[in-house]
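For reference, the structure discussed in these notes is given below.
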Amino acid sequence: MSIDYKAEIERLKKKLPVTVVGHFYQRDEVFKMADITGDSLELARKCKVDKNPWVVFCGVGFMGQSVKVIAPEKRVLMPKIACCAMARMIDSSYFDDSVQYMVDRGVPKENILPITYINSDATVKAKVGEMGGLVCTSSNAYKIIEKGLESGKKILFVPDRCLGQNFANSMGLKSCVIGEGECDPKEADVICFNGFCSVHQLFTLDDIEFYRNKYPGILIAVHPECDPAIVDASDFAGSTSQLIKYVQELDPEQKVAVGTEYNLVNRMRPNGNTYVLSSTKPECPTMNETTLEDLYLTLKSIEDGQPINEIVVDAHTVKYANLALSRMLAIK
Ligand code: 13P
Ligand code: SF4
């Protein structure tokens, strides 16, 4: 007999002290089952104050890890421990190398303030926390960099070179990317690690030109993980929540092409006039790994007293990653 996953998930959610969390890039059928949804910042804030002892997080690894770090007393399970490809581009030894790069070029370690995008492993966040640095997300990067600049230090931004450059540009700051051309940390305000999101690299200037020619007057809205040239050529850039707000507040007749993951773009405005800004399907493979069956099996494992896919973070990492995340959460 086949299992009705949706009905079983509803039953288990009623029975168990569990909160199901879903990022906007999840498949529709999984997303609909979530009690808490949001962009990375909203998910972190909402999970921190949520009362249930169990969290089942439908998203990518760094998101579940972040909940465990800010609320270590919670039991956090992930239906798939799928890792964000960008987060995998840096580990703590690459982080140390980046600090050393700046030191070798005349910036003493005590004059470096690291900021890590939340899309990073907890061990990288811990390194950042130990050096007095902070985490940021795509929705608060401006405020966090602004705060970081108050220290008078050089900012080492990891791992997303696009986010680092885009926010530096919007603030009139000089940035450079380690390993790309001449990157002199003494000359730049924001020194970026050379990581990127392959999904958001799919959007090109040709795509923008195509839509502007096809639908004169169309607006272009993108995520700041897109290349700086794409953000410059767009009408709006923002986090997933900010993109939803921007699109949903438009006149229903206003056409808009959106440069972010297609699951989200397709459900932004059901009455149409919203296009995915790419001829290639911008699908985050790891976000799309989680299925209804996975969610069901994870909830069932709690009911059976044999939890699967639990997120475990060692005490040292929790301590210092928590510092970096808490510094971010303290900034309103
Ligand atoms: P948001 O914080 O905007 O939800 O972004 C997360 C992400 O991974 C975008 O690719
Ligand atoms: Fe990571 Fe890119 Fe997927 Fe976002 S879309 S989770 S940055 S790989």
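Below, the figures for the structure above:
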quantity: Neighbourhood net charge (15 Å Cβ-Cβ; Lys/Arg +1, Asp/Glu -1) for A168; calculated: -3
quantity: The range 121-220, relative contact order [Cα under 8 Å, separation at least 6], %; calculated: 21 percent
quantity: Contact order relative to length of the chain, as percent, for alpha carbon pairs under 8 angstrom and 6 or more apart; calculated: 23 percent
quantity: For the range 149-182 versus the range 258-332, the gap between their alpha-carbon centres in whole angstrom; calculated: 26 Å
quantity: Kirkwood-based shape ratio for the range 193-232, expressed as Rg/Rh from alpha carbons; calculated: 1.02
quantity: Euclidean distance between Cα centres, the range 192-238 to the range 1-61, Å; calculated: 30 Å
quantity: Potential lengthening between E110 and D28 on full extension [0.36 nm per residue; Cα-Cα distance subtracted]; calculated: 24.9 nm
quantity: Sequence ranges 125-132, 272-279, ranked by mean other-Cβ count within 10 angstrom, highest first; calculated: 125-132, 272-279
quantity: Set of lysines near K214 by C-alpha distance (under 21 Å), chain-local residues within fewer than 8 positions excluded; calculated: K255, K281
quantity: Gain upon complete extension [E283, Q306; 0.36 nm per residue less C-alpha separation]; calculated: 5.1 nm
quantity: Cα-based Kirkwood hydrodynamic radius, the chain, one decimal, Å; calculated: 20.5 Å
quantity: For N288, net neighbour charge (Lys/Arg +1, Asp/Glu -1) across residues whose Cβ lies under 10 Å away; calculated: -1
quantity: Relative intensity, log₁₀ I(q)/I(0), of the range 40-150 from a Debye sum that treats every alpha carbon as a point, q = 0.12, 0.17 Å⁻¹; calculated: -0.46, -0.86
quantity: Charge context of V135, other residues only, Cβ under 10 angstrom, K/R +1, D/E -1; calculated: +2
quantity: Mean projected area (nm²) of the alpha-carbon convex hull when the range 1-91 is viewed from all directions; calculated: 6.6 nm²
quantity: Förster radius 35 Å - calculated FRET efficiency between N52 and S151, Cβ distance, rounded to 0.05; calculated: 0.40
quantity: As computed over the range 263-332, the Cα convex hull volume per residue (Å³); calculated: 213 Å³
quantity: Protection proxy ranking of 186-194, 169-177 - average other beta-carbon atoms within 10 Å, highest first; calculated: 186-194, 169-177
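Coordinate-derived values only; no laboratory data. Note that the structure is a prediction, hence the values are computed from the model and not measured. Note: ideal-geometry Cβ built from the backbone for every residue, glycine included; neighbour counts use all protein chains shown.
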